[in-house]
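One structure is given here, and the rest of the page talks about it.
The values are calculated or read from the model by the stated rules, or taken from the named source; none is laboratory data. Not measured: the values here are computed from a predicted model. When we count neighbours, we look across all protein chains shown, and the Cβ atoms used for this are built from the backbone with ideal geometry, even at glycine. Surface areas here come from the heavy atoms of the whole protein model, side chains and all, with no ligands, DNA or RNA. Shrake-Rupley method; radii C 1.70, N 1.55, O 1.52, S 1.80 Å.
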Amino acid sequence: MELVGMVALYDAPRPESAKLIAELKELGITTKMLTGDALSVAKEVAEEAGIEGKIIKVAELREMEGLPTKKAAQASEQSGGFAEIYPEDKYLIVKNLQEKEHIVGMTGDGVNDAPALRQAEVGIAVSNATDIAKGAASVVLTDEGLAEIIELVKTGRQIHQRISSWILNKIVKTFEIVLFVVLAFLITGKYVIGAFEIVLLLFLIDFVTISIATDNVKPFRKPESWNMASLAKVAVLLGILIVAESFGLLYLGMSYLGLTEGTGLNTFVFDMLIFGGMFTILVVREKGYFWEY
């Protein structure tokens, strides 16, 4: 036998992989690589793609399973990726990360990826995935590659911000209308606004509230979770401040403008509430100052 030459095989990462991983890192998302390749190959690919953390053999992870110290979950969290894995190992790694209270997104394309895709909070099937993988996933990418994941993350965070803005606006508006009108009647003994004006007020402000569903908000750079207690505290505080502001304006109207009763007082309070309700949306939709956007 005589050696006549050598053929080198190189399965390079996709050109956009390094950029994708860097963008995910900026968004507060850690990327882990799961591959059936040998450890040496996996380390080289991880370095080219910019994946941080130590790459280990999945056999080491299997040896840790069942230990009382939960070393397997800790290793899954701290490692940058795993080499020489089998399909069932993907499900194991997802479970370990969830045990450490992480929100896990999993990409896959084959039949064997289906259990891990279904187990993950966000299962992502690529465009050329099998029907079983697509059925198990939460999201199916329509274009080749993984670049759409960035838009997926940003869209999810925009939806989260729109929902939180709607909740804040709803609570504050309830304080502003219901609490203010009731307290104003108890303090002054007068109907500062009529029933027709209240119905018209709710009708007009709801048109503005609907716009929150398509608000062009900026996605957060870091992941957020629902903290309803904190959200309720902020909403109640804003509601109390706006009610106090409304009473201050009512005092000015009745004392200095001579609007003590009748159509003039009702019109003044109606204008105050409708402009205040619209301005509230500008306040609650932005985490910083409302003029920063």
| field | Residues that are farther than 30 Å from LYS71 by Cα, out of contact with any strand residue (DSSP E or B) (no Cβ under 7 Å at 6 or more places or on another chain) and among the charged types (D, E, K, R), drawn from the stretch 99-150 | value | ASP131, ASP143, GLU144, GLU148
| task | Tell me which residues, restricted to the stretch 103-139, are in a loop (DSSP other than H, G, I, E, B), open to solvent by less than 70 Å² (accessible area, probe 1.4 Å) and in contact (Cβ under 8 Å) with a residue 24 or more places away in the chain. | result | ALA120, ALA137
| task | Any residue in the stretch 64-77 that's in a helix (DSSP H, G or I): show its pairings with residues that are open to solvent by 60 Å² or more (accessible area, probe 1.4 Å) and modelled with pLDDT under 80 at Cβ separation under 6 Å, as long as the two are six or more apart or on different chains. | result | MET64/LYS71; ALA72/GLU65
| request: Pick out the one residue from ILE159, ILE242 that is open to solvent by 70 Å² or more (accessible area, probe 1.4 Å) and β-branched (Val, Ile, Thr). | output: ILE159
| remark: Picking from PHE196, PHE185, PHE220, PHE207, the residue that is in a helix (DSSP H, G or I) and modelled with pLDDT under 80 would be PHE207
| Looking at ALA229, ALA213, which is the one that is assigned to a helix (DSSP H, G or I), without any contact (Cβ under 8 Å) to a residue 40 or more places away in the chain and either touching a strand residue (DSSP E or B) at 6+ places or on another chain (Cβ under 6 Å) or open to solvent by 30 Å² or more (accessible area, probe 1.4 Å) (or both)? | ALA229
| at pLDDT 85 or above, loosely packed, with under 15 Cβ neighbours inside 10 Å, in a helix (DSSP H, G or I) and within 25 Å of the chain's Cα centre (by Cα) - does that describe any residue in the stretch 37-46? | no
| query | Are there any pairs with C-beta distances below 7 angstrom linking a residue in the stretch 48-59 that is surrounded by fewer than 19 Cβ atoms within 10 Å (Cβ to Cβ) to a residue that is acidic (Asp, Glu), with the two at least 6 apart or on different chains, and if so which? | reply | LYS57/GLU84; ALA59/GLU84
| message | Could you go through the stretch 83-99 and let me know if any residue there is open to solvent by 60 Å² or more (accessible area, probe 1.4 Å), touching a Lys or Arg at 6+ places or on another chain (Cβ under 8 Å), modelled with pLDDT under 85 and farther than 25 Å from VAL140 by Cα. | response | no
